[in-house]
1. State all residues of the stretch 26-60 that are closer than 18 Å to residue 16 by Cβ and among the basic types (Lys, Arg); if no residue qualifies, say none.
2. Which condition number in (1) in contact (Cβ under 8 Å) with a residue 40 or more places away in the chain; (2) under 10 Å from the mean Cα position of the chain (by Cα) is the one that residue 60 fails?
3. Among the residues of the stretch 28-58, count how many are surrounded by 15 or more Cβ atoms within 10 Å (Cβ to Cβ) and among the charged types (D, E, K, R).
4. Restricting to the stretch 1-24, name every residue that is hydrophobic (A, V, I, L, M, F, W, C) and free of Cβ contacts under 8 Å to residues at least 40 places away in the same chain.
Amino acid sequence: MDNELILKNNLQALRKQKKLSQDELAKTVGTTRQTIISIEKGVFNPSAKLALLISIALDVKFEDLFYF
């Protein structure tokens, strides 16, 4: 039985809703466009700090952005 929790996100949809490019969001939160791409694809799980910064930048609740 696999009990691994996989962090999922709504980053791409919420980012597009706010009409932000990956690069604009990356610059706002102090990371790279590649990091934003990796998070959107589910390849990379952000640190708690970065996840919170993204939530603030998109003006959404953390739990609306990231979920299991």
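Each reported figure results from applying straightforward, stated rules to the coordinates on display, with no laboratory input. Everything numeric here is computed off the predicted structure, so don't read it as measured data. In this analysis, Cβ positions are derived from the backbone assuming ideal geometry, glycine residues included, and neighbour counts consider all displayed protein chains.
1. Passing the criteria: 27, 33, 41.
2. It is condition (2) that residue 60 fails.
3. Number satisfying all stated conditions: 1.
4. Answer for the stretch 1-24, where residues must be hydrophobic (A, V, I, L, M, F, W, C) and free of Cβ contacts under 8 Å to residues at least 40 places away in the same chain: 1, 13, 20.
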